[in-house]
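For reference, the structure discussed in these notes is given below.
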Amino acid sequence: MAKLTFATDVCKGCGLCVNACPRGLIVIAKDKINKKGHSPAEITDESKCIGCACCAMMCPDCVITVEK
Amino acid sequence: MAVVFSKPKALTDAPLHYCPGCTHGIIHRLVAEAIDDLGILGRTVGVAPVGCAVMAYDYFSCDMVEAAHGRAPAVATGLKRAMPDRIIFTYQGDGDLASIGMAETVHAATRNENITVIFVNNAIYGMTGGQMAPTSLPGQVTQTSPYGRDVKTVGYPIKVCELLSALDAPYYIQRVAVNSVKHVAEAKKAIRRAFENQIEGRGFSLIEVVSSCPTNWGMTPQKALDWVESDMIPYYPLGVYRDKSKEA
Amino acid sequence: MAKVLMKGNEAIAEAAIRAGCRHYFGYPITPQTEIAAYMAKRMPKIGGTFLQAESEISAINMVYGVASAGRRAMTSSSSPGVSLKQEGISYLAGSDLPALIVNVQRGGPGLGGIQPSQSDYFQATKGGGHGDYHLIVLAPASVQEMADLTVKAFDLADKYRMPSMLLADGTIGQMMEPVELPEETDGSGVEKPWAVTGTENKREHNIINSLYLVPEQLEVKNLERYERYKIVEQNEVMYEEYMTEDADICVVAFGIAARVSKNAITAAREKGIKAGLIRPITLWPFPTEAIAKAAEKVKGFISVELSMGQMIDDIKLAEGCKKPVALCSRVGGMIPSPEQVLAAIEKAERGEF
């Protein structure tokens, strides 16, 4: 069990976290738009997250904080 | 629950101006993580280049200097000579370090100047809109090589790690990449090592980071990382090119 | 204090050390190499840095680094080398960094020659590099002044947070004269809270920078800088007047040209011609008021230069085109003889300018 916090407003929706997640849990929320006009990343099912932080490691904008 | 990953203290709260998916952000974070891990934030001074990372002075929370194009190693030399107990790093792109600043780079290396150089190689001039860089690959299409880099007329890309490791003096030279989780982890170690070398007074360390430029390469961020793997890394092999700690 | 016999270039170097400068970066070029040679000998013995840089460009950027750290730094060169430094000088000005640049001028343009010249006057006083900025420009006319003005240049640079230039020439650089060396200081008289010395986690980070992408901000920076320049112009003008009280003909000359002119003025006085000299010591700020005051009573001016007529423009601006201004010059490494200057004075006395 892990907890991901997204600083949604600085996300640029680049999607590098999406590919980094070994469990395929992250998606770009196409139906949402943040302050900057990007569709931000979000986690689909946090209960399956193992807190490996691969997503955060690939994020160029320090959007994701990982707790475990 | 404990925080296992968060933004390092050596970065300010300023949002990065880089394009979506630009790996400058990852490399900034790796530098900042090294500064945090080594507990040197209060005594570090960074030197920003001219190029996409010109505004790095707003992003790192240590003291910062903005240098003229290519001159960061000379500015860093001045800073280090004036303050030998401070940790001085430069953060430079390929045009800055390998074209206009080649003399400064080579001579700082051959003096084994006790500084840390972070060299971001994304094979293009990003800030000015995608011109051919000294590290653009043969055949690579850019704004100023619209028919592909023709090595017969403009020559071959410069392999900085190979070039500098021909010198006797430099202490540590390594090429890493940030196109995958595994490579980012390796890059993190290398950058930390480059700072440790300076703390121990060993001399010149340069970490070349093979990076991407989705916007000017005309690719999605992930496609750009894939191109790093398929095209960049074969031309710029990763690895340690100089490690004087291993020499007798 | 006892006087010592020294070369002009060496006097600069020793005075810089006594002013607390511990960081010198240079690149070999005639006719100023004695400065580097002196620094190479002395700096290692006093815990300072002498570094022969890979280029003039690197040298000025090393100076930029030391200046960013809030320490006194200098570089020296001669004309072609100073051209190379212009990029860094513009960045120093744009980042409001104090530093000393010494130009022991030689003939130009291009590679020119190695004999003395004053033909970098425009480059030194009108910017030299890109953008709106000034340097404080000091022009020594003796070995004593090589020493004194070096100290002054560091002090003014620190006081006003701007680069200063010692604009000498090959003659004074190579000349030997007795000199009384300045007192030793550590050069830390001016607080530099803006310097990048590491935050020690106790303050916000300092940034040394000349980039302002928002035009309103860049404009403000320029306006602020020019406010400071105005104060420099009000407070720091230096010049020498020689026999000007009753002068009909006013010679204006600096550096080696002023020394020659003094001989010519003495000779003119012997012939009954009332000639005098205004010798600018600061070329920027220029002694505009002194020239304007002289314009009220003299018949005309003669600009004696080792250039094709550069300072003459500033004289004309200062006297407001009220009186004629003649040019008396030699170039290419040649120096006007006292006879040549005397002839110009006699011509002026006849009303021929």
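Below, the figures for the structure above:
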item: Sole residue being within 16 Å of B:Arg71 (Cα to Cα), surrounded by 20 or more Cβ atoms within 10 Å (Cβ to Cβ) and not acidic (Asp, Glu), chosen from B:Ala103, B:Ala123, B:Ala109, B:Ala133; result: B:Ala109
item: Qualifying position, being closer than 20 Å to C:Asp120 by Cα and free of Cβ contacts under 8 Å to residues at least 40 places away in the same chain, among C:Ile302, C:Ile281, C:Ile312; result: C:Ile312
item: Filter pass, A:Gly15 being modelled with pLDDT of 95 or more and either closer than 24 Å to B:Ser180 by Cβ or facing chain B (nearest Cβ under 7 Å) (or both); result: yes
item: Selection count where residues are within 14 Å of chain B (Cβ to nearest Cβ), part of a loop (DSSP other than H, G, I, E, B) and either touching a residue at least 24 places away in the same chain (Cβ under 8 Å) or not β-branched (Val, Ile, Thr) (or both), scope region C:187-231; result: 21
item: Residue within region B:207-216 that is in contact with a strand residue (DSSP E or B) (Cβ under 7 Å, 6 or more places away or on another chain) and in a helix (DSSP H, G or I) present; result: yes
item: Verdict on B:Glu33 being within 9 Å of chain C (Cβ to nearest Cβ) and in contact with a Pro (Cβ under 9 Å, 6 or more places away or on another chain); result: no
item: Number of the exception - B:Asp150 against (1) under 25 Å from B:Cys22 (Cα atoms); (2) out of contact with any helix residue (DSSP H, G or I) (no Cβ under 9 Å at 6 or more places or on another chain); result: (1)
item: Output for region A:33-50, where each listed residue is surrounded by fewer than 17 Cβ atoms within 10 Å (Cβ to Cβ), in contact (Cβ under 8 Å) with a residue 24 or more places away in the chain and assigned to a loop (DSSP other than H, G, I, E, B); result: A:Lys35, A:Lys36, A:Ile50
item: Region B:1-37 - residue that is assigned to a helix (DSSP H, G or I) and of a type outside the set (A, V, I, L, M, F, W, C) and, of those, surrounded by the fewest Cβ atoms within 10 Å (Cβ to Cβ); result: B:Asp37
item: Exclusive hit being within 29 Å of C:Glu180 (Cα to Cα) and assigned by TED's automatic domain parsing to the domain that holds C:Glu54, set C:Leu84, C:Leu97, C:Leu149; result: C:Leu149
item: Helices (runs of 4 or more DSSP H) fully within region B:66-183 counting 2 or more residues that are of a type in the set (Ser, Thr, Tyr); result: B:102-110
item: Search result, residues across region B:45-90 that are more than 7 Å from every other protein chain (Cβ to nearest Cβ), under 16 Å from B:His24 (Cβ atoms) and among the hydrophobic types (A, V, I, L, M, F, W, C); result: B:Val47, B:Ala48, B:Val50, B:Cys52, B:Ala53, B:Met55, B:Ala56, B:Phe60, B:Ala72, B:Phe89
item: Tally, over region C:255-313, of residues that are among the charged types (D, E, K, R) and under 23 Å from the mean Cα position of the chain (by Cα); result: 6
item: Residue check for C:Ala141: away from every other protein chain (no Cβ under 14 Å), under 20 Å from C:Ser79 (Cα atoms), touching a residue at least 12 places away in the same chain (Cβ under 8 Å) and in a loop (DSSP other than H, G, I, E, B); result: yes
item: Residue selected from region B:221-248 under the condition closer than 18 Å to B:Pro170 by Cβ and either of a type in the set (S, T, N, Q) or assigned to a helix (DSSP H, G or I) (or both), by the criterion modelled with the lowest pLDDT; result: B:Lys246
item: Some residue of region B:3-17 being away from chain C (no Cβ under 14 Å), closer than 25 Å to C:Val214 by Cβ and of a type in the set (A, V, I, L, M); result: yes
item: Members of region C:65-82 found to be under 15 Å from C:Leu51 (Cα atoms), among the aliphatic types (A, V, I, L, M) and more than 11 Å from chain B (Cβ to nearest Cβ), listed by number; result: C:Met74
item: Count - residues of region C:182-202 that are closer than 28 Å to B:Lys9 by Cα and surrounded by fewer than 11 Cβ atoms within 10 Å (Cβ to Cβ); result: 3
item: Filtered residues of region C:51-108 (kept if part of a loop (DSSP other than H, G, I, E, B) and more than 27 Å from C:Arg228 (Cα to Cα)); result: C:Ala53, C:Glu54, C:Ser55, C:Ser78, C:Gly107, C:Gly108
item: Scope region C:67-104; condition touching a Pro at 6+ places or on another chain (Cβ under 9 Å), among the β-branched types (Val, Ile, Thr) and within 26 Å of C:Asp186 (Cβ to Cβ); matching residues; result: C:Ile89, C:Ile101
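Here is a yes/no grid of residues against (1) hydroxyl-bearing (Ser, Thr, Tyr); (2) surrounded by 19 or more Cβ atoms within 10 Å (Cβ to Cβ); (3) in contact (Cβ under 8 Å) with a residue 12 or more places away in the chain; (4) touching a Lys or Arg at 6+ places or on another chain (Cβ under 9 Å):
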residue: C:Glu34; (1), (2), (3), (4): no, yes, yes, yes
residue: C:Ala37; (1), (2), (3), (4): no, no, no, no
residue: C:Arg42; (1), (2), (3), (4): no, no, yes, no
residue: C:Gly47; (1), (2), (3), (4): no, no, yes, yes
residue: C:Ala53; (1), (2), (3), (4): no, yes, yes, no
residue: C:Ile57; (1), (2), (3), (4): no, yes, yes, yes
residue: C:Gly65; (1), (2), (3), (4): no, yes, no, yes
residue: C:Ser68; (1), (2), (3), (4): yes, yes, yes, no
residue: C:Arg71; (1), (2), (3), (4): no, yes, yes, yes
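The values are calculated or read from the model by the stated rules, or taken from the named source; none is laboratory data. Being a predicted model, the structure only gives us computed values, none of them experimental. Methodologically, a virtual Cβ is constructed for each residue, glycine included, from the backbone with ideal geometry; neighbour enumeration extends over all protein chains shown.
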